[in-house]
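The values are calculated or read from the model by the stated rules, or taken from the named source; none is laboratory data. From a predicted model like this one, the values you see are computed outputs, not experimental measurements. In this analysis, Cβ positions are derived from the backbone assuming ideal geometry, glycine residues included, and neighbour counts consider all displayed protein chains. SASA here: full protein model, heavy atoms, side chains in, ligands and nucleic acids out. Shrake-Rupley method; radii C 1.70, N 1.55, O 1.52, S 1.80 Å.
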Amino acid sequence: MDRLAKAIAADGTVRVISAITTDTVTEAFRRHETSPTATAALGRTMTGAALLGASFKDADRLTIKVEGDGPLGSIIAESNSSGGIRGYVHNPLLDVPPNEAGKFDVRAIVGNGMFHVIRESGYELGLNTEPYVGSVPIVSGEIGEDLAFYLANSEQIPSAVMVGVLLQNQEPFVAAAGGVLVQMMPGANEHIITMIEDTIKHAPHVTKLIADGATTSDLIASALGIIEFEVLEESDITFKCNCSLERARAMIASFGIDEVASMLAEDKQTAMTCGFCNETYTLDEGELIAILGELQQS
Ligand SMILES: [Zn+2]
C-alpha cells in the first residue's frame, strides 16, 4: 500500500510531505497502458497532486492540469482528502526517445503552455463551492520544477519539489514512484534554507531511495539531512476513481428521452468509458428501457 507522510521541522517553519506512489502509478499504467515517457509524465503529476493536496488543509480535492502544446496533450491528475488519486493523459501511447542525459524526455512531450492547480473544499460533503484556480506558465515541462514554480509564484510559498518514476523492463514495470515536497513557511531561517537546499542537491534520487526500500520518513530525512523533524501524520494513498455504473446511468439519463430512445432503437445497448480510469460500463437493453421509463415518468 502506498503511503504519504506530513512532517514539520525548525519550529514549524519548514513543512515536508513525502509520498510513495509506486502502486498508484502502476495502476494508472495498467489502466491507461501508457508509454514509458507518458508513464513518467502522468506518474510525476499524480504524485505531485498527492503531495500538493496534502499540503492544503482547506482543500478536500485538488486537481493539477498541465495544458501543454506538446504531442502528449493535457495531463490531468486529481487527489482527494481520503487518499484517492486518479489521472490520465490525452495521448497515453505517445513516446519519444530518452534525452541526452538518458532520462525520460517529459519536457519534449509536454511542451509549452499553462500549469493549473484547482482546489476545492466541501467536495466530500457534496457542497458545490467555488473552486480556487491558480495558473502559471509551464516553465520546465518536467513537472517537479513546474510545481515548485507554481508554489513560489501563485501561493508565495518557496518550495522544493522532487517527483519521480523509475521504470524497469520486467513486470510490474513501475519499479518505484514517489516524491518529496519541502515548503519554507514565513519566518524560515536563511541558514536552515541553505542547509536544506544543499542537502537536496546531494541527496540520491527519490525513486532510487524508494527502490532501495525507503519509508516515507526516510524520504523526509533525505531532504532535511541532519535537521530534526516530527512526523505529524501518516496515511494510505491509492489509485481510486469515483465512477460507477450508477453514475454512468445518470449520465445516459441526462442525454434526454430522444437520445436514449434512439440508442435503444439503433444498438439496443450503449457503453461509457471513464476518462480517468478507463473503466467501461455497458448498459444493456433492459437498463436502457428502465432509464427511458424513468425519464418518461418524470
Ligand atoms: Zn473512473
- How many residues are over 30 Å from residue 292 (Cα atoms), among the polar types (S, T, N, Q) and either within 14 Å of the ligand (Cβ to nearest atom) or free of Cβ contacts under 8 Å to residues at least 60 places away in the same chain (or both) if we restrict to the stretch 218-252? 2
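Results for (1) assigned to a strand (DSSP E or B); (2) open to solvent by 30 Å² or more (accessible area, probe 1.4 Å); (3) out of contact with any helix residue (DSSP H, G or I) (no Cβ under 6 Å at 6 or more places or on another chain), shown as yes or no for each residue.
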{"position": "99", "(1), (2), (3)": "no, yes, yes"}
{"position": "126", "(1), (2), (3)": "no, yes, yes"}
{"position": "134", "(1), (2), (3)": "yes, no, no"}
{"position": "139", "(1), (2), (3)": "no, yes, no"}
{"position": "145", "(1), (2), (3)": "no, yes, yes"}
{"position": "166", "(1), (2), (3)": "yes, yes, no"}
{"position": "182", "(1), (2), (3)": "yes, no, no"}
- Message: Given (1) more than 16 Å from the ligand (Cβ to nearest atom); (2) without any contact (Cβ under 8 Å) to a residue 60 or more places away in the chain; (3) open to solvent by 60 Å² or more (accessible area, probe 1.4 Å), identify the lone condition not met by residue 280.
- Response: (1)
- Considering residues of the stretch 211-228 that are more than 17 Å from residue 163 (Cβ to Cβ) and of a type in the set (D, E, K, R) only, the residue farthest from the chain's Cα centre (by Cα): 228
- Check 69, 23 and return the single one that is open to solvent by 20 Å² or more (accessible area, probe 1.4 Å), within 16 Å of the chain's Cα centre (by Cα) and charged (D, E, K, R). 23
- Message: Take residue 263 and tell me if it is modelled with pLDDT under 95, within 16 Å of the ligand (Cβ to nearest atom) and either of a type in the set (S, T, N, Q) or not in a loop (DSSP other than H, G, I, E, B) (or both).
- Response: no
- Message: If residue 258 satisfies all but one of (1) under 37 Å from the mean Cα position of the chain (by Cα); (2) open to solvent by 40 Å² or more (accessible area, probe 1.4 Å); (3) not hydrophobic (A, V, I, L, M, F, W, C), what's the number of the condition it fails?
- Response: (1)
- Item | Residue selected from the stretch 74-91 under the condition assigned to a loop (DSSP other than H, G, I, E, B) and in contact with a Leu (Cβ under 8 Å, 6 or more places away or on another chain), by the criterion surrounded by the most Cβ atoms within 10 Å (Cβ to Cβ) | 83
- Message: Checking the structure you have, find out if any residue of the stretch 267-277 is away from the ligand (no atom under 16 Å from the Cβ), in a helix (DSSP H, G or I) and over 30 Å from residue 78 (Cα atoms).
- Response: no
- Set 201, 268: member being touching a helix residue (DSSP H, G or I) at 6+ places or on another chain (Cβ under 6 Å) and open to solvent by 80 Å² or more (accessible area, probe 1.4 Å): 268
- Selected residue (only one of 104, 56 is among the aromatic types (Phe, Trp, Tyr) and either open to solvent by less than 30 Å² (accessible area, probe 1.4 Å) or not assigned by TED's automatic domain parsing to the domain that holds residue 21 (or both)): 56
